[in-house]
């Protein structure tokens, strides 16, 4: 009888062990595998715009020092510059993925792109330089009223265009009260000098040399426009590669620190890149504020620019300006 009891105990233990093994096997089979988060698509290269005009000292210094190349090299990612300067072309290249960073684009270009449904977000401010944007004209033109019926040359949909509209508004006039002819800055200056235009909108070195040559200044942008430019990327790129966005912004921050500590060297680099004399760069440099900080004043300025674009018929629907910033 004792043997039977022992035999039953052994059989029971064996059954328990077999059941445990089976349950263990089933548990392993039924357990859902952990879902791995999809890896961000690899980045073969980083491309950022290089816009030298009107006097973009940070970009000039960064290119001379190879700042972005060195920073992204740590991630084994090649860096290239794109020399696209047109705001519309820049935002189109960003939307297509051909460019990852717009390193200096006009606020108006960002607004227009966003209004048309483009995936674009502002990372930081690039510069503000209202005094660097100027309206030149024939002698005797000294007020908005003096411009009524006159031909004015300059680039459409830009800070300069906004300056003209704001100046006319001071005198109770609108763009309909003048003949505005859209053209680039060199052509606008030539038109004024040849007499085919009564006034011309100029900025940066062209405005500086025009002033030095004795051309009559009607007004600059102080109190009329902010002269605001920004840096931008896409929501899609930011979400997938925030680490690379941080590298871009860190380079910017280090450049601003460098400018503060090495202004003489920065001026010399800029003079060499622009074929200007160091004295000319030194004189123009204080007109530009290269602070990256996004302020309430900057947002208010963009909202004013949006009002101008809508009222002038260049922008059909408004966007939420506050949501354009990260």
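The values are calculated or read from the model by the stated rules, or taken from the named source; none is laboratory data. These numbers were taken from a predicted model, which means no experiment stands behind them. FYI the Cβ positions are ideal-geometry reconstructions off the backbone, even for glycines, and counts take in every protein chain you see.
Could you please let me know if residue 217 is farther than 21 Å from residue 106 by Cα, modelled with pLDDT of 95 or more and in contact with a helix residue (DSSP H, G or I) (Cβ under 8 Å, 6 or more places away or on another chain)? Taking the combined requirement at face value, the residue satisfies it. So, residue 157, is that one more than 31 Å from the chain's Cα centre (by Cα) and at positive phi or not? Taking the combined requirement at face value, the residue does not satisfy it.
Looking at 255, 270, 274, which one is more than 21 Å from residue 114 (Cα to Cα), modelled with pLDDT under 95 and surrounded by 12 or more Cβ atoms within 10 Å (Cβ to Cβ)?
274
Condition first: more than 29 Å from the chain's Cα centre (by Cα) and either buried (at least 23 other Cβ atoms within 10 Å of the Cβ) or in a strand (DSSP E or B) (or both). Now tell me which residues in the stretch 178-188 satisfy that. Across the stretch 178-188, the qualifying residue is only 179. Would you confirm whether or not the stretch 81-91 contains a residue that is assigned by TED's automatic domain parsing to the domain that holds residue 286, in a strand (DSSP E or B), in contact (Cβ under 8 Å) with a residue 60 or more places away in the chain and over 23 Å from residue 311 (Cα atoms)? Within the stretch 81-91, not a single residue is assigned by TED's automatic domain parsing to the domain that holds residue 286, in a strand (DSSP E or B), in contact (Cβ under 8 Å) with a residue 60 or more places away in the chain and over 23 Å from residue 311 (Cα atoms). If you go through the stretch 195-218 and keep only what is surrounded by 14 or more Cβ atoms within 10 Å (Cβ to Cβ) and assigned to a helix (DSSP H, G or I), you end up with 204, 205, 206, 207, 208, 209, 210, 211. Consider the stretch 41-62 and keep the residues that are surrounded by fewer than 18 Cβ atoms within 10 Å (Cβ to Cβ) and touching a residue at least 60 places away in the same chain (Cβ under 8 Å). The one that is nearest to the chain's Cα centre (by Cα) is 53.
Okay, residues lined up against (1) in the same structural domain as residue 239 (by TED's automatic domain parsing); (2) part of a helix (DSSP H, G or I); (3) under 30 Å from residue 295 (Cα atoms); (4) in contact (Cβ under 8 Å) with a residue 60 or more places away in the chain:
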{"site": "145", "(1), (2), (3), (4)": "no, yes, no, no"}
{"site": "153", "(1), (2), (3), (4)": "no, no, no, no"}
{"site": "162", "(1), (2), (3), (4)": "no, yes, yes, yes"}
{"site": "165", "(1), (2), (3), (4)": "no, yes, yes, yes"}
{"site": "176", "(1), (2), (3), (4)": "no, yes, no, no"}
{"site": "190", "(1), (2), (3), (4)": "no, yes, no, no"}
{"site": "193", "(1), (2), (3), (4)": "no, yes, no, no"}
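Could you please let me know if residue 99 is part of a loop (DSSP other than H, G, I, E, B), touching a helix residue (DSSP H, G or I) at 6+ places or on another chain (Cβ under 9 Å), at pLDDT 95 or above and under 27 Å from residue 256 (Cα atoms)? Against the criterion (part of a loop (DSSP other than H, G, I, E, B), touching a helix residue (DSSP H, G or I) at 6+ places or on another chain (Cβ under 9 Å), at pLDDT 95 or above and under 27 Å from residue 256 (Cα atoms)), residue 99 qualifies. Condition test on residue 49, is it under 20 Å from residue 273 (Cβ atoms) and at pLDDT below 95? Judged against the criteria, residue 49 is not a match. Looking at the stretch 234-320, the helices (runs of 4 or more DSSP H) lying wholly inside it that each contain 3 or more residues that are touching a residue at least 60 places away in the same chain (Cβ under 8 Å), within 17 Å of the chain's Cα centre (by Cα) and closer than 24 Å to residue 220 by Cα sit at 296-311. Once the stretch 68-94 is narrowed to residues that are closer than 13 Å to residue 110 by Cα and out of contact with any helix residue (DSSP H, G or I) (no Cβ under 6 Å at 6 or more places or on another chain), the residue that is surrounded by the most Cβ atoms within 10 Å (Cβ to Cβ) is 94. A count restricted to the stretch 102-111 and to residues that are part of a helix (DSSP H, G or I) and at pLDDT 95 or above stands at 2.
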